[in-house]
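In what follows, a structure is listed as structure tokens, so that the remarks can point back to it.
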Amino acid sequence: MRSLDDLLAEGVSGRRVLLRADLNVPLDKQTNQITDDGRIRASLPTVQALREAGARVIVAAHLGRPKGTPDPQFSLAPVAARLGELLGTTVPLAADVAGDDARAKSAALGDGDVLLLENVRFEAAETSKDDAERGELADRFAVLADLYVDDAFGAVHRKHASVFDVAQRLPHAAGWLVARELEVLTRLTTDPERPYVVVLGGSKVSDKLAVIEALLPKVDRLLVGGGMCFTFLAAQGHGVGGSLLEADQVETCRRLLAAAGDRIVLPVDVVAATAFSADAETSVVPVEQIPDGLMGLDVGPRTVEVFGAELGAAHTVFWNGPMGVFELAPFQAGTRGVAQAVAAVAGLSVVGGGDSAAAVRQLGLDEASYGHISTGGGASLEYLEGRELPGLAVLTD
Ligand SMILES: Nc1ncnc2c1ncn2[C@@H]1O[C@H](COP(=O)(O)OP(=O)(O)O)[C@@H](O)[C@H]1O
Ligand SMILES: O=C(OP(=O)(O)O)[C@H](O)COP(=O)(O)O
């Protein structure tokens with residue numbers, strides 16, 4: 001895989017570099033303010049290195065999951081402003097992804113300038129399963145630049161136009177963030193010290209259920225909390241009220257539980273509430289008794305003890321996905337408890353995922369007490385699973 005160092009050694013002065021970054025940061029729904037800029041900060045070293053070498057940097061990124069059409073709620077405008085602040089320069093935002101405005105603004109860049117394209121997922125072709133559709137968008141990306149650098153570690157598991165197809169059209173290299181992430185994750189895949197425990201939570205349930213099957217033979221324990229756990233609890237025959245549930249995956253979970261024996265550890269209690277709200281009335285209920293009208297929005301205190309005991313015995317830990325809706329105070333305790341237990345692990349502990357990393361920072365935990373905080377959740381998991389990641393495979397061609 002060619003590295004950014006190789007590109008820099010060849011010289012990039014005056015050249016237009018399309019840099020795919022993962023700037024998918026959480027936003028406050030009311031104010032549209034960025035609540036954690038960790039992913040923007042993590043992208044800075046590569047952006048700065050390119051600027052200092054005189055490149056004209058065109059950054060492509062996604063934000064959230066818009067439906068393939070422009071939607072102001074998912075605009076990268078707040079990200080352009082924050083990136084500019086952190087770089088100490090103005091970062092203009094193209095009004096489109098790879099259209100007239102993107103072409104005009106990229107042509108106007110001077111050496112060391114930075115441009116941010118609008119959310120690549122405003123183009124339906126970005127995430128299309130159809131190679132020709134993605135290819136047409138990738139052609140338009142390729143027109144904007146001379147070189148392509150992928151530093152969007154959190155998105156390398158996506159076969160998307162700005163991650164995969166464009167790399168086939170331009171001389172390419174991996175950025176420094178991607179290189180650093182791979183360096184650490186390799187330590188988890190090459191003979192991890194045991195017991196090796198993986199903790200999974202969060203809300204991208206169907207994405208991550210697919211990973212569990214391949215991960216199970218590699219780990220000693222898989223602790224499942226967050227929105228992930230309810231499909232498993234339903235598979236055990238429990239009612240889950242209004243909790244997040246992938247009804248069509250219950251059978252898969254039943255099969256996984258049967259195959260895993262005691263290697264999958266599920267919550268024994270949850271914090272349930274009537275609404276997804278900071279002032280909703282909450283109660284702690286055993287998983288056997290989640291009332292119909294309530295939804296589970298955090299794991300309960302007994303679960304934190306159970307998970308804590310497993311983590312206390314572990315020598316290698318990977319954690320992805322908050323244990324509850326940590327953005328709201330009444331549902332923070334589970335994530336805090338697990339974050340503390342992961343921080344205390346004697347061996348290598350890695351936290352991965354945009355929201356998990358944000359939770360560590362927002363809950364005031366010391367980032368230095370973790371071996372590594374990865375910007376990618378799904379990407380790390382698929383890497384640990386041993387799957388080929390399209391965004392990396394294409395860089396090694
Ligand atoms: N029980 C739950 N019900 C609904 N959402 C949940 C639950 N537990 C956690 N979440 C949500 O999961 C989101 C993070 O999920 P995900 O994107 O999978 O994690 P990451 O970004 O770390 O990979 C958070 O916004 C959190 O509020
Ligand atoms: O937030 C991300 O992944 P993560 O939640 O697995 O860490 C990445 O930006 C990828 O986003 P996606 O899962 O919408 O493709």
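Highest-first packing order for the peptide set 14-21, 29-36, 177-184 is 14-21, 177-184, 29-36, based on the mean count of other beta carbon atoms within 10 Å. Taking every DSSP beta bridge with both residues inside the range 4-179, roughly what % is antiparallel (nearest 5)? If I count the DSSP bridges inside the range 4-179, around 5 percent turn out antiparallel.
Compared with the dominant principal axis of the Cα atoms in the chain, helix 333-343 is inclined by about 70°. Among the listed pairs LYS67/LYS159; LYS129/LYS208; LYS67/LYS105; LYS159/LYS208; LYS67/LYS218; LYS129/LYS218, those whose Cα-Cα separation exceeds 28 Å are LYS67/LYS218; LYS129/LYS218. Residues ASP37, ASP150, ASP96, ranked from the fewest to the most other C-beta atoms within 10 Å, line up as ASP96, ASP37, ASP150. When only alpha carbons are used to place a centre, the range 332-351 and the range 1-62 end up 29 Å from one another.
Selection among ALA278, SER206, LEU266 by position relative to the dipole of the range 160-291 gives SER206 as farthest towards the positive end (Cβ unit charges, Cα centre).
Projecting the Cα atoms of ALA329, LEU63, HIS315 onto the dipole axis of the chain, where Lys and Arg carry +1 and Asp and Glu carry -1 at the beta carbon, places HIS315 farthest toward the positive end.
Specify whether the C-alpha gyration tensor of the chain places it in the rounded, prolate or oblate class, a ≥ b ≥ c being the square roots of the eigenvalues: rounded for a/c under 1.5, otherwise prolate if a/b is larger than b/c and oblate if not. Prolate shape, in that a/c is at least 1.5 and a/b is the bigger ratio.
With the convex hull of the Cα atoms taken as the outline of the range 191-385, the averaged projected area works out to 9.5 nm². Helix 38-52 axis versus longest C-alpha principal axis of the chain: approximately 20°, rounded to the nearest ten.
Each of TYR148, TYR196 was scored by other Cβ atoms within 10 Å of its Cβ. Arranged with the fewest first, they read TYR196, TYR148. When a/c reaches 1.5 or more, the comparison of a/b and b/c decides; with that in mind, is the range 4-179 rounded, prolate or oblate per its Cα gyration tensor? Because its axes are fairly even, with a/c under 1.5, the range 4-179 counts as rounded. Taking the DSSP bridge list for the chain and keeping only pairs wholly inside it, about 20 percent are antiparallel.
Angle between the Cα long axis of helix 131-144 and the longest principal axis of the chain, 0 to 90 degrees, nearest 10? On a 0 to 90 degree scale, this one is about 50.
Rule-based calculations on the coordinates, nothing more; no lab input. Being a predicted model, the structure only gives us computed values, none of them experimental. Don't worry about glycine lacking a Cβ; one is built from the backbone with ideal geometry, like all the others, and counts go over all protein chains shown.
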